[in-house]
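These notes are about the structure you will find just below.
Please treat every number below as a calculation from the coordinates, not as lab data. Since we're looking at a predicted model, the values are computed, not measured. Positions of Cβ are backbone-derived with ideal geometry, glycine not excepted, and every protein chain shown enters the neighbour counts.
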Amino acid sequence: MIAGTASGLTVQNLSVRYGRVQAVSGVSFSVADGESLGIIGANGAGKSSTLKAIFRLTDSTAESMHFAGTSLQATQPHHVVSLGMAYVPEGRRIFAGLSVRKNLMMGAYRSSWRHLGDRIERVYDLFPALKKFDDTLAGALSGGQQQMLAIGRALVSEPKLLVLDEPSMGLAPVLIDDIAATLRRLRSQGVSMLLVEQNAKLTFGLTDRCIVLENGRIVKEGLSAVLRADPAVRQIYLGL
Amino acid sequence: MIRIGFGKPVLVALLLLLPIILDSYTIHVAILIMLFAIVAVGLSLVMGFGGQVNLAQAAFFGTGAYVSALLTTTYSWNPWLAAPVAVLATCAIALAVAIPALRVQSHYLGIVSLGLAVAFSSLLSNSDLTGGASGISKIPPLSLPGLDLSGPRDYYYLVAIALILIVGFALFVANTTLGRRFKAMRDDMLAAAASGIEIRYYRLMAFLLAGLVGGVAGVLYVHNARYVSPDTFGLGVMFLLLAMVIIGGQDSIWGAVVGAVLLITARNLLTGIQTYQQLAYGGLIVATVVFAPRGLAGAASDLRRRFDLPWPSIPIPRTARAAPPPPKLKVAKPSRQGVALRVDSVSKRFRGLHALDGVSLEVGAGEIHGVIGPNGSGKTTLFNVISGIYRPNSGRVFVWGRDVTGQRSFRMSRLGVARTFQNLRLFRQLTVVENVMVALDRDPAQAHIGYLIAPWVVVRKERERRARALSLLRDFDLHDVANELAVNLSYGRQRRLEIARALAAEPTILLLDEPAAGLNAAEQEGLKATIRKIRDAGTTVVVIEHNMNLVMNVCERLTVFGHGKVIAAGTPREVAASPVVIEAYLGQATPEAEAAL
Amino acid sequence: MLLLYLFLDRTKLGTAMQAAAMDRSAATAMGVNVSTSNAIAFAIGSGIAAVAGALVGPLLYVNPALGVYVGIKGFAAAILGGFGSIPGAIVGGLIFGLIEAFSSGPLSAYSELLTFVVFAIAMMVRQTGIFGERTVDRA
C-alpha cells in the first residue's frame with residue numbers, strides 16, 4: 001500500500017463494475033511527480049476501465065483516489081482536468097466536426113485563454129505535421145494525425161500528469177516511432193505519464209515502472225527494466 | 001423445451017373475462033385502451049424495432065378511420081367490405097410515407113413524417129369530401145348475423161380478439177429473425193447491410209406493418225365511436241402514442257401495451273384537470289427518459305439481468321430432437337480455383353480528395369492477402385468499395401470472375417463477401433448470440449412470407465440458427481457471454497465477436513479491417529491461428545493490418561498503399577525490403593526501437 | 001441570428017457546446033460540464049423561439065396551439081435550408097412561404113400537403129438541407 005502523497009496520483013483499492021461484469025477489482029497504484037507508470041494487460045484486463053474511473057467517466061468504488069492532494073472521488077468529471085490531469089482517450093475521440101485549432105482550444109477549456117496562442121504553437125512544435133491542418137476539420141484527418149491531435153489537445157492544458165489510453169492502437173509502425181519519440185521528449189521535460197497500452201514493448205521503453213493487469217487485478221508490478229526481463233511476462237506479452 | 005410464460009394465458013383469460021365485471025362506460029374505456037395498444041404496437045415495431053422515426057403513426061390510425069367512414073357513409077358500402085379497403089389504403093399511405101425514409105433518417109425523418117402528418121390533418125380539416133372540421137358522423141355499426149355488435153360488450157370481444165392476434169403476431173415477429181433484422185438495421189445500418197440485410201426493403205416493411213396495424217385500429221375505432229373528426233388523430237394523439245412507446249420501452253411489444261394501459265387510464269383519471277393533463281404527460285415522459293431511458297420494459301429486463309430472474313414459466317417437455325452438430329468452421333464451398341478478387345484501376349474521390357487512385361490488385365483463391373500502408377492511404381476505402389458501401393468513380397471489381405462493381409452491400413454479402421470494420425460495428429443492443437444469428441440468416445427478405453403461411457418453419461429455423469450460433473461462439477470462446485448485450489463486452493471480445501459474426505455468413509472472401517488492433521502478443525498468436533484456420537476451411541482472407549508480426553508471418557502476399565495508390569506488391573519479404581515502403585511506412589522502427597530498449 | 005452565429009463560432013462556450021454535442025465524454029474530459037452546456041443550449045433555443053413568437057403574435061391570432069403548427073413549419077424550413085446555416089434557414093422559410101402563397105385558391109386545402117411533400121422530396125435529394133454540412137461516415 002502506498003501512502004497518499006501530496007502530489008501525484010494515488011489510487012487505492014479501485015473496483016469497477018459494468019452490470020454483472022467486474023472489470024476492475026482491488027487495484028492500487030501511484031504515479032509520483034515526474035514519474036512514468038505503465039499499465040499493460042490483455043483485452044478485458046481492465047486497463048481502460050481504470051482510467052475511466054480515475055477521470056470519473058464511469059462509476060467506481062475505491063478506498064481512495066487522490067491527485068495532488070485532492071480527492072478524485074469528491075471531484076466532478078468536468079473538474080478533473082483542472083486538477084492537472086489530461087486525458088488522451090482510447091480511440092482518439094477528437095471532435096470531428098471542429099477544426100484542428102478548435103480541438104486544441106478545447107484542450108485548454110478550463111485554462112485561461114490568454115496565452116492560448118503560445119500553447120498551441122508549442123503543440124505545433126511538437127507535432128509539426130499538424131500545423132498545416134490548423135483550419136481543417138479534425139474528422140478529415142487520418143488515424144495517425146488524429147492521434148497526434150488527441151495528444152496535442154491534452155498537452156495544451158499543460159498538465160502535471162498526462163494519461164494516455166492505448167495511443168499506439170491502429171497506427172502504422174513509423175507513426176508509433178514518432179509518438180514514442182514525442183513521449184520520450186515529454187518525459188525528459190518532466191511531464192508525469194500514465195500510459196496504458198497493449199504494446200508491452202513500447203510501454204517498457206517509455207516507463208519507469210509498470211503494473212500488469214489480468215482480469216481486473218494486478219498480477220505483477222515493478223520496474224519496467226525488471227519486468228521486461230521476466231520470463232513469464234516475456235512469454236505472454238512480448239511473445240518471446 | 002418450449003417455455004410458455006405463465007403470464008400470457010393468464011392475461012388472455014383475464015382479458016376475455018373482464019367485460020363480465022365492468023360497467024358499460026368502463027368497457028368503452030377498455031376498448032379505447034385496446035385500440036391505442038394496437039396502434040402503439042405498430043409504432044413500436046416501426047420505431048422501436050426498426051429505428052424509423054415515424055411521427056405519422058397517428059395519421060395512419062386516422063387514414064384507416066376516415067377511409068372506412070367515407071366508404072360506409074357517402075358511398076354506403078357494407079362496413080365489412082370497406083374495412084379491408086380502408087386497411088389497404090392505410091398500407092398504401094404508409095408505404096408512401098416510407099419513401100422518404102429510404103434516404104432520410106433520424107430526426108430529419110421525424111420532421112418529414114411529422115410534416116406529412118400535419119399536412120394530412122390539415123387536409124382533413126379543409127376538404128369538403130371529408131366533412132371538414134366537423135368530420136363524419138352517423139357511421140354505421142358493424143354487424144354479424146346473430147350478433148349485434150353495436151353494444152359495448154360484443155364490440156369489446158371483437159377488439160379483444162384483434163388485440164390478441166396482433167400482439168401475438170407482433171411478439172412472434174419481435175422474437176424471431178424479422179424482429180432481429182429490424183433491430184440490427186436500427187443499431188448499425190452499415191453492419192446490417194454487410195450481414196445481408198436489404199435495408200430499403202426492411203424500412204418499407206417496417207412502415208407497412210405500422211400502417212397495417214394502424215389501419216385496423218382505425219377501422220375498429222370508427223365503427224364503435226360512430227363519429228370521426230380531424231381532432232381525433234391530431235398531434236395530441238401522436239404525442240400520446242409516442243409517450244406510450246417511450247414509457248413502455250421502445251423495443252418492447254409488451255411495453256407498448258402497458259404504455260397504452262397506463263396513459264389512457266391516467267388520461268381518464270385526469271379528466272377533471274384537463275388543463276394540466278398535457279403537463280402531466282410531458283412530466284411523465286421527461287421522468288421516464290431521465291430515470292429509465294429504456295422505459296418500463298428496459299427497467300424490467302435490467303432487474304432480471306441483475307438478479308438473474310427468469311420469467312415464471314411452465315416448462316413443456318418435448319422429446320429432445322438434437323440439432324445436428326454443425327462442423328467447426330465448415331467449408332464455405334468446395335475449394336474454388338482461380339482469382340477470388342480482382343480490383344481493376346479503381347478510383348474513388350471525395351470532394352476533390354483522391355481516396356483511391358487507379359488501384360489494382362489481385363487475390364488468388366485460398367490466399368491470405370495483406371493490405372498495408374499508412375493511415376489515410378485508402379485501405380479502408382478499398383474495403384468499402386469492394387464490400388459495396390461505396391461505388392467507385394471508375395474502375396471495376398471482380399469477385400470470382402464476376403463483375404460486381406457498384407453492387408450494394410447486402411448483395412455483396414449474398415455473393416459471399418463478408419467483412420469486419422476498423423471501428424467495430426456490432427449490433428450493440430443485441431446480445432452476443434443474436435449478433436451472430438443475424439449473420440447466420442441468409443434468407444432473402446422475401447422469405448419472410450413464411451411468417452404468414454408457414455410460421456412453424458420460422459420457429460424451426462430459429463432453433464437451428466441458435467444452435468449453430470452457439471457452436472460458432474464456442475469456437476471463438478464467447479460462449480459464456482452468449483446472452484450478454486454486445487455493448488457490455490470488453491473491447492477484445494467485441495473484436496472477436498465481429499469476426500465470428502462475419503464468419504457466420506459462410507463467406508468465400510473475408511475482409512478483415514485491422515483485426516489485431518488492441519490484442520496482446522498471446523492473442524495475436526491466437527488471431528494468426530484463427531486466420532489460418534479460416535483459410536484452411538476454404539475462405540480467402542484479405543487483411544488490413546499495421547501489426548508487422550502478423551503481416552509478415554501470416555500473409556502470403558502483400559499490397560502496399562500510399563496516398564491512395566498502390567506503391568508496392570509482392571511477398572512480405574520482397575515488400576519489406578523495398579526502400580519505397582520503408583520510407584513511407586515501415587520506418588527505421590525495428591533497429592532503433594530495439595536500441596532504445 | 002448574427003449574434004448566435006458569432007456565439008457559436010467565436011466564443012469558448014459556443015465551441016464547448018458543439019464539442020459536447022459531438023462527443024460527450026471527451027468533452028467532459030476537457031472540462032466541459034455537458035449537462036450545463038446542454039441546458040444552456042436548450043435555453044438559448046427556447047429564448048430565440050420566444051422572440052420569434054413575440055414577433056409573430058400580432059400577425060396570427062394568439063392561442064395555445066399557435067406554437068405547434070408554426071413551430072413545425074419553422075423547424076422544417078430551417079432543416080430544408082440546412083441545419084446550422086443561418087442563410088439556409090432564411091431561404092427555407094422563403095421557399096415555404098412561396099409554396100403557401102402560390103397554392104391559395106382552389107388548391108388551398110392541399111397547400112400544407114404540397115408544402116410538406118416538396119419538403120420530403122427536397123430532403124431526399126439533399127439529406128442535410130440546401131446549405132447543410134456533409135458529414136463523412138468512415139466505415
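The convex hull drawn around the Cα atoms of region B:189-251, when projected onto a plane and averaged over every direction, covers 5.9 nm². Going by neighbour counts of Cβ atoms within 10 Å, the residues C:F42, B:F233, B:F421, C:F83 line up, fewest first, as C:F42, C:F83, B:F421, B:F233. Lys and Arg at +1, Asp and Glu at -1: add these up for the other residues within a Cβ distance under 13 Å of A:I120 and post the number. In short, +1.
Computed log10 I(q)/I(0) for region B:2-232 at 0.09, 0.11, 0.15 Å⁻¹: -0.40, -0.59, -1.02, from the Debye equation with unit scatterers placed on every C-alpha and solvent omitted.
The mean sequence separation of alpha-carbon pairs under 8 Å and at least six residues apart, normalised by the residue count of region B:1-146, gives a relative contact order of 23 percent.
Using C-alpha pairs under 8 Å with a sequence gap of at least 6, the mean separation divided by the residue count of chain B gives a relative contact order of 17 percent. Among B:C555, A:C210, the ranking by other beta carbons within 10 Å of each residue's beta carbon, starting with the fewest, stands as B:C555, A:C210. Net charge of the neighbourhood of C:S111, taken over other residues with C-beta under 12 Å away and scored Lys/Arg +1, Asp/Glu -1, is -1.
Among the trypsin sites (Lys or Arg not before Pro) in region B:185-287, those located in a DSSP loop and surrounded by at most 16 other Cβ atoms within 10 Å of their own Cβ are B:R226. Going by neighbour counts of Cβ atoms within 10 Å, the residues B:L356, B:L303, A:L164 line up, fewest first, as B:L303, A:L164, B:L356. Summing Lys and Arg as +1 and Asp and Glu as -1 over all other residues whose Cβ lies under 11 Å from the Cβ of B:L102 gives a net charge of +3.
A 32 angstrom limit on the alpha carbon distance is what I want to check against. Which of B:K183/B:K379; A:K52/A:K102; B:K8/B:K138; A:K131/B:K183; A:K47/A:K160; A:K52/A:K220 exceed it? Over 32 Å apart, Cα to Cα: B:K8/B:K138; A:K131/B:K183. The equivalent ellipsoid that matches the C-alpha gyration tensor of the protein assembly as shown spans semi-axes of 52, 34, 29 angstrom, in descending order. Straight-line cross-link partners of B:K533 among the aspartates and glutamates, defined as a Cα under 14 Å from its Cα and at least 8 positions apart when in the same chain: B:E367, B:D475, B:E506, B:E525. Take the Cβ atoms of B:R391 and A:E121, set R0 to 35 Å, and the FRET efficiency comes out at 0.25. Along its first, second and third principal axes, ordered by size, chain A spans 46, 43, 36 Å in Cα coordinates.
For region A:71-183, averaging the sequence separation of C-alpha pairs within contact (under 8 Å, six or more residues apart) and dividing by the residue count gives a relative contact order of 42 percent. The Rg/Rh ratio of region B:165-279, with Rg taken over Cα atoms and Rh as the Kirkwood radius over Cα pairs, comes to 1.04.
Peptide A:147-160 has a mean shielding of 1, counted as Cβ atoms of other protein chains within 10 Å of each residue's Cβ. Placing one equal scatterer on every Cα of chain B and applying the Debye formula, the log10 ratio I(q)/I(0) at q = 0.05 Å⁻¹ is -0.28. Computed from the C-beta positions of B:Q337 and B:F307, the FRET efficiency with R₀ = 56 Å rounds to 0.50.
Between C:F7 and B:H107, the FRET efficiency from the beta-carbon distance, with R0 = 30 Å, is close to 0.85.
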